[in-house]
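Report on the following structure.
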Amino acid sequence: MLACQYHYLSLVLYILLTSTLLVFVTLAVSSHLFLWDIWYVYHFCVAKLKGYGRQPSSQSCPYDALVVYEKKDPAVSEWVMNELCVQLEERGDRPLRLCLEERDWIPGCPVVDNLCQSIHQSKRTVFVLTNHDVKSGNFKTAFYKAHQRLMDEK
């Protein structure tokens with residue numbers, strides 16, 4: 001009789017621990033795969049509940065696009081300045097006005113303030129991605145601010 005009681009106890013513990021492990025693994029994988037989607041949907045719903053509407057027309061924006069890239073990486077910085085800017089800003093039919101950190105940000109102003117101001121003064125935001133950019137704090141801040149502006153415009 002005593003052996004049967006231990007058998008049921010071990011079965012209950014096995015089911016409890018297995019369920020806990022499955023929930024933990026499911027949450028970990030889901031957060032890794034879908035964290036950006038969940039974050040976006042959450043903030044979009046909060047913005048809708050607060051009654052945010054469209055921002056005024058972006059015709060008054062002095063820049064066509066803000067280019068966000070890692071300026072500490074010389075290869076990326078060189079490509080943006082010598083290839084991307086040349087191709088987009090010096091086109092014959094309709095050149096674009098790009099906002100770049102090196103030349104258009106206000107010196108001495110905090111990075112976050114410059115970033116927010118540049119995002120709101122640009123019609124679009126262009127991200128030049130490398131493997132190291134996703135981990136940098138400036139990239140994440142720029143991504144969050146650009147998403148916030150996108151949600152405000154919707």
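Summary of computed values
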| quantity | calculated |
| --- | --- |
| Of LYS50/LYS140; LYS72/LYS140; LYS48/LYS140; LYS71/LYS140, those spanning more than 21 Å from alpha-carbon to alpha-carbon | LYS50/LYS140; LYS48/LYS140 |
| In Hz, Karplus ³J(HN,Hα) per residue of segment 6-19 (6.51, -1.76, 1.60; θ = phi - 60°; x = Gly, Pro) | 5, 5, 5, 5, 5, 5, 5, 5, 4, 5, 5, 5, 5, 5 |
| Computed label-point distance, nm, for sites VAL25 and CYS61 using a 7 Å Cα→Cβ extension | 4.5 nm |
| Accessible surface of ILE119 - all protein chains present, 1.4 Å probe, nearest 10 Å² | 0 Å² |
| Carbon + sulfur, % of accessible area of segment 58-122 - ligands and nucleic acids excluded, 1.4 Å | 52 percent |
| Accessible-area value, HIS120, 1.4 Å probe, nucleic acids and ligands omitted, Å² | 90 Å² |
| Segment TYR6-ARG97, length gained on full extension (0.36 nm per residue, minus Cα span) | 25.3 nm |
| Rounded to the nearest 10 Å², the accessible area of ARG124 at probe 1.4 Å | 150 Å² |
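The values are calculated or read from the model by the stated rules, or taken from the named source; none is laboratory data. Just so it is clear, the structure is predicted and the values come from calculations on it, not from any experiment. Methodologically, a virtual Cβ is constructed for each residue, glycine included, from the backbone with ideal geometry; neighbour enumeration extends over all protein chains shown. Ligands, DNA and RNA are stripped out before the accessible areas are found, and what is left, the full protein with its side chains, is counted by its heavy atoms. Shrake-Rupley method; radii C 1.70, N 1.55, O 1.52, S 1.80 Å.
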